[in-house]
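Here is the structure we will look at.
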Amino acid sequence: MSPKRGGGGGDRSMVPRAEFQSYYGRPIVRPPVWTHDIAIYLFTGGLAAGSALLAAGAQVTGDVALRRTGRAVTLGALGASTFFLIKDLGRPERFHHMLRVAKPTSPMSVGTWLLSAFGGAAAVAAAAEVAPLLPARGVFKLLPPVGSAAGYGAAALAPGLATYTAVLFADTAVPSWNAVHPDLPFMFAGSALASGAGVGLIAAPGRPARRMAVTGAAVELVAGHRVETKYGLLSEPYHTGRPGKMLRAARALTIAGAVGAVVGRRSRVVSALAGASLLAGSLLTRFGVFEAGVDSAKDPRYTVVPQRERLNARSSSPAAPEPSPRTEKS
């Protein structure tokens, strides 16, 4: 029996308060085995989605130069995204194997099908841009209208392509990815819009690209602020260490790009610099989010402390009152 407190009642615990730790200092959650190829895959996939939306907007407004640029960048970024995904998978046939089934509950399965459908539409839309070089008869005569429909189809799939990777990250056991699942898709969507607008500001600056730059930057900055501040301890990896430096630089570049898009209406040089700033900011955003999640998985504190906080909150909450027994009428 533990000794009594002097002059008072009650027992005094002789067991020291337990500290969080893991077996032999090893992580409790296994860190992701993904390399930085996945971070580049996140960026290029978002760039493809943003460029497809930019091209569709140019198609509506009749801006031929912007439409062509958007479609070309869409196809190029999508090719790079597919390359880095297959490179991370290790063997090309693994991508093909994922298309043998469709599993709506799996973000990876849904993403693979999205990537494939988007790729087909983007390829047709880009191929339509060579129609003026071909004889206007036979099947070539159908290429422009089919390309227009494909461009709108790619734009319709673009939001899913831009955000499914955020859902994929949040669906893991990595603490700082899982915790921010309400805001991470918006952060990725805003980053995708900003990168697509960056392409437009460099190649063919105009009102659609400028509006898209401001909208994308605003969405990314608001969602990013919530990710970095709303989730207590699990937000810490997003504003400390190497990931914190990346995300602060990304924020500064995104703000500079949005401001440059507004004030550079009459300057191609300022517009191009603003576009480059938005692209660099989007790239650093993806790398920062990637590394923040990896850091949170390596440190057992980010797994144990939130679990204990949730357990303490449940134990301290008042128990629900038991229902009174039902009285029968005589």
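Rounded if a/c is under 1.5, else prolate if a/b beats b/c, else oblate: with a ≥ b ≥ c from the C-alpha gyration tensor eigenvalues square-rooted, which is segment 225-308?
Here segment 225-308 falls in the prolate category.
Leaving ligands, DNA and RNA out of it, work out the accessible area of residue 181 with a 1.4 Å probe and give it in Å² to the nearest 10.
Ignoring ligands and nucleic acids, residue 181 comes out at about 110 Å².
Compute the distance in nm between two label points, each set 7 Å from the Cα along the Cα-to-Cβ direction, one at residue 36 and one at residue 156.
3.9
Rank these by accessible area, largest first, 1.4 Å probe: 267, 315.
315, 267
How many nm is it between the label spots at residue 83 and residue 225, if each spot is 7 Å from the Cα in line with the beta carbon?
Each label point lies 7 Å from its Cα, and together they span 3.8 nm.
What FRET efficiency, computed as 1/(1 + (r/R0)^6) with R0 = 22 Å and r the Cβ-Cβ distance, is obtained for residue 65 and residue 266, rounded to the nearest 0.05?
0.80
Distance between Cα centroids, segment 25-59 to segment 227-294: provide it in whole Å.
Using only Cα atoms, the two centres lie 14 Å from each other.
I'd like the accessible area for residue 99: 1.4 Å probe, protein heavy atoms, all chains in place, Å² to the nearest 10.
Approximately 50 Å² of residue 99 is accessible to the 1.4 Å probe.
Ordering 231, 152 by how much accessible area each has at a 1.4 Å probe, largest first, what is the list?
Listed by decreasing accessible area, they come as 152, 231.
Under the classification rounded if a/c is under 1.5, otherwise prolate if a/b is larger than b/c and oblate if not, where does segment 151-209 fall, given a ≥ b ≥ c as square roots of the Cα gyration tensor eigenvalues?
prolate
I'd like the accessible area for residue 28, computed on protein heavy atoms only with a 1.4 Å probe and all protein chains in place. Round to 10 Å², please.
Looks like 80 Å² after rounding.
The values are calculated or read from the model by the stated rules, or taken from the named source; none is laboratory data. Source: prediction; values computed, not measured. Positions of Cβ are generated from backbone atoms using ideal geometry, with glycine treated the same way; all protein chains shown enter the neighbour counts. The protein model used for the area step is the full one, side chains on, heavy atoms only, and it has no ligands, DNA or RNA in it. Shrake-Rupley method; radii C 1.70, N 1.55, O 1.52, S 1.80 Å.
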